[in-house]
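**Q** Submitted below is the structure of interest, expressed as structure tokens.
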């Protein structure tokens, strides 16, 4: 082998090793992983919204026709992710409280809210908070495979909501309104209905 041929071979090997390490690092730290846990309740599916997320191979597959049971998780002002409960009069495939966890086909994950329009001021005994209309980026995943099936944006209520109690991140004076059942169904219905 000539000197130039040997140098080229070494360079190709180095590129292959770097590529393999990069892919391995991505898979190890960023790619969704199958959960070994069998979810007992729909709220147990919340790790699908973590980074990296989990998926649930024992769940029903995402089908092309509805209804497709959906679970919605929202990350709020304090940075905690919670399952959203819909109004009681929703169709069964939207009722995450009564669904069997393994039947959920779609998991919708709402990121922390961005500021929409400023609504009003909420005054408390020791503090004042400024409510904004929450604007949330939503990523939807198939529960069975963890594959992304869509992205959307959804807004919280345009009505000012001064809560009797709330949790926020340290040293912030902002809170955000949340979407209601009508907003969820209008934006996410094409994935569930």
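Read the figures in this text as sums done on the coordinates, not as results from a lab. Quick caveat, the model's predicted, so the values are computed rather than measured. Cβ sites come from the backbone with ideal geometry, for glycine too, and all protein chains shown count toward neighbours.
**Q** List the residues of segment 137-163 whose backbone N lies under 14 Å from a point placed 7 Å from the Cα of residue 51 along the Cα-to-Cβ direction.
**A** Counting only backbone N, you get 137-139.
**Q** Scale the Cα Rg of segment 88-193 by the rule-of-thumb value 2.2 N^0.38 Å and send over the ratio, two decimals. Display every interim value, and only then the final one.
**A** Working: Rg = 16.1 Å, N = 106, 2.2 N^0.38 = 12.9 Å.
Working it through for segment 88-193, the quotient is 1.24.
**Q** For segment 70-130, take the alpha-carbon Rg, divide it by the Kirkwood Rh, and send me Rg/Rh. Don't jump to the answer; show the numbers that get you there.
**A** Numbers: Rg = 15.8 Å, Rh = 14.1 Å.
Ratio of gyration radius to Kirkwood radius for segment 70-130: 1.12.
**Q** Please compute the length gained on full extension between residue 125 and residue 88, using 0.36 nm multiplied by the number of residues separating them and subtracting their Cα-Cα distance.
**A** Numbers: separation 37, 0.36 × 37 = 13.32 nm, distance 3.41 nm.
In short, 9.9 nm is gained.
**Q** Calculate the spin-label point distance for residue 98 paired with residue 170, positioning each point 7 Å from the Cα along the beta-carbon direction, and give it in nanometres.
**A** Going by the 7 Å Cα→Cβ label model, 4.4 nm.
**Q** Put a dot 7 Å past each Cα toward the Cβ at residue 115 and residue 41; how far apart are the dots in nm?
**A** Going by the 7 Å Cα→Cβ label model, 3.6 nm.
**Q** How big is segment 107-147 by the Kirkwood estimate over distinct Cα pairs, in Å? List each step's numbers first, then the result.
**A** Numbers: mean 1/r = 0.0795 Å⁻¹.
About 12.6 Å for segment 107-147.
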